[in-house]
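Asker: Take a look at the following structure, please.
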Amino acid sequence: MTEQRTSMHGQWTTRWVFVLAATGSAVGLGNIWKFPYITGENGGGAFVLIYLVCVAAIGIPIMMAEVMLGRRGRQSPINTMRVLAKESNKNPMWQFLGWSGMAAGFIIISYYSVIAGWALAYVFRAGVGVFEGATADGINSIFNDLVNDPERLLAWHTIFMVMTIAVVARRVKSGLEKAVCWLMPMLFILLLILVGYAWNSGDFSAGLKFLFEPDFSKLSQEGVLTAMGHAFFTLSLGMGAIMMYGSYLPAGTSIAKTSIMISIADTGVALLAGMAIFPLVFANGLEPGAGPGLIFKTLPLAFGHMDGGTLFGTLFFVLLVFAAWTSAISLIEPPVAWLVENKNVNRVWAAVVTGIGAWLLGVGTVLSFNKWSDVKWFDKTIFDLLDYLTANIMLPLGGFFIVLFAAWIMKREMSKDELAIENPKMFELWYFLVRYVTPIGVIAVFLKSIGVI
Ligand code: PFF
């Protein structure tokens, strides 16, 4: 082992805490809100298949690379990349990766908070029994009333952002891990209950067929890019969030095993969400391509008609908010850590400034669902554009350069030492993946999406 750095922001107490925190970052709106609606928009099975292949061949190797770089650098992504480039006698320009990652995180949290605000609003709607016995039309109008009202959206967006700032201001080890430990499994169980309901009351076979029977004629060129982009988004890769969390990881833990575990848990949650939602979509004659409102228009139907629906519905949206919260924290952690390291400010101040900036940008997303819904560039609203730019372009590009750095720039011995994979064959497999398969895969998807291949 070479000499170890330590992080000025603290360290996870055990490897298990890292797994929980990283899972908390990965499992969020991406799994339960975004995965079903983009699967619906992109025709189902073929999209899901490409997404799963991307998780395995691109996502897991990149996650390992990010954790490894973070643990070796032990700082915010910008400073980690600078230090590691120097250590390999390479150009400190590699720190641009940290910068672009921070920009991506900042943009994502701006709209993420708005959507998390929808989930917050739904906690109260479910809690007072608004969905009881409601019809599909009724539920549609409950959703439309919410998103058409910018003031309400702004209020929920503000509450969620304040919640995020409050946690980030209070350092790494704040008891959050304990909460993840309980609430994540609860979310999982609740999703299982919903799948059970969909099995009994939905058109389960149509739902499964839609999700798992690939029909490539339904997948557009852009859909292929969206599938890869989502693999990055859902695993929190390509912007330094996982690198940041890796920087708090105690030395000597197996990065490979933890990365695989996190990816499996994350994918499992997304697939369960899909299996709960699509049977309801088909049984109720709803539109799979209904867009960002999909889960808010389908799940309340289940809650409105199942036994104990008010309780389950409230609990579900509480857990969804919680899942979004643990992800949001990881989105603003890199800029906050950077401000603390470089600008000599305290954490509270850094968190407040970052949060206010992201909140302001989020106002654009709030308005894109109502007053500015006609404001479009490249046929996309502000929300669609920010989402496209980050998930489909910035994260894959960030991941691409992270993997180039880990595989081609950093010395092989260093990564071998840091990854500490016991089985030499496994290291060779990872090394082969990150040198060839992963970068070529990312380029191939980009080329495919613009019709070159
Ligand atoms: N992975 C989160 C989700 O699926 O909701 C979103 C996210 C968190 C993306 C952190 C990127 C990130 F760095």
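The values are calculated or read from the model by the stated rules, or taken from the named source; none is laboratory data. This is a predicted model, so every value here is computed, not measured. Quick reminder, even Gly has a Cβ in these numbers, built from the backbone with ideal geometry, and neighbours come from all protein chains shown.
Asker: Might you check whether a residue that is at pLDDT 95 or above and under 21 Å from the mean Cα position of the chain (by Cα) occurs anywhere in the range 281-289?
Answerer: Within the range 281-289, one or more residues are at pLDDT 95 or above and under 21 Å from the mean Cα position of the chain (by Cα).
Asker: Which residue pairs have Cβ atoms under 8 Å apart, sit 6 or more places apart or on different chains, and have a first residue in the range 323-352 that is free of Cβ contacts under 8 Å to residues at least 24 places away in the same chain and a second that is in a helix (DSSP H, G or I) and among the hydroxyl-bearing types (S, T, Y)?
Answerer: Listed by first residue and then by second, the contacts come to L339/T354.
Asker: Then there's this: Can you tell me which residue in the range 214-247 is nearest to the chain's Cα centre (by Cα), limited to those that are hydroxyl-bearing (S, T, Y) and more than 15 Å from the ligand (Cβ to nearest atom)?
Answerer: S220
Asker: Which condition from (1) within 30 Å of P396 (Cβ to Cβ); (2) at pLDDT below 95; (3) not polar (S, T, N, Q) is the one that I108 breaks?
Answerer: If we test I108 against (1) within 30 Å of P396 (Cβ to Cβ); (2) at pLDDT below 95; (3) not polar (S, T, N, Q), just (2) comes out false.
Asker: Pull up the range 7-49, narrow it to residues that are more than 22 Å from A241 (Cβ to Cβ) and part of a loop (DSSP other than H, G, I, E, B), then point me to the one that is nearest to the ligand (Cβ to nearest atom).
Answerer: N42
Asker: Still on this model: Here are the criteria: (1) in a helix (DSSP H, G or I); (2) touching a Phe, Trp or Tyr at 6+ places or on another chain (Cβ under 8 Å). Tell me which single one M63 does not satisfy.
Answerer: The one condition M63 does not meet is (2).
Asker: Of everything in the range 74-93 that's crowded, with 23+ Cβ neighbours inside 10 Å and within 26 Å of V353 (Cβ to Cβ), which residue is nearest to the ligand (Cβ to nearest atom)?
Answerer: Top of the filtered list is P77.
Asker: Going by what's in this entry, would A57 be described as surrounded by fewer than 20 Cβ atoms within 10 Å (Cβ to Cβ) and either touching a residue at least 24 places away in the same chain (Cβ under 8 Å) or within 13 Å of the ligand (Cβ to nearest atom) (or both)?
Answerer: yes
Asker: Which of the residues that make up the range 120-151 are within 19 Å of A324 (Cα to Cα) and exposed (fewer than 14 other Cβ atoms within 10 Å of the Cβ)?
Answerer: Matches in the range 120-151: F124 only.
Asker: If A227 satisfies every condition in (1) surrounded by 18 or more Cβ atoms within 10 Å (Cβ to Cβ); (2) not in a helix (DSSP H, G or I) but one, which is the exception?
Answerer: Checking A227 against (1) surrounded by 18 or more Cβ atoms within 10 Å (Cβ to Cβ); (2) not in a helix (DSSP H, G or I), the one that fails is (2).
Asker: Kindly indicate which of V167, V180, V195 is modelled with pLDDT of 90 or more and aliphatic (A, V, I, L, M).
Answerer: Checking each option against the conditions leaves just V195.
Asker: Next up: Looking only at residues in the range 94-107 that are away from the ligand (no atom under 16 Å from the Cβ) and hydrophobic (A, V, I, L, M, F, W, C), which one is surrounded by the fewest Cβ atoms within 10 Å (Cβ to Cβ)?
Answerer: Going through the qualifying residues, I end up with F96.
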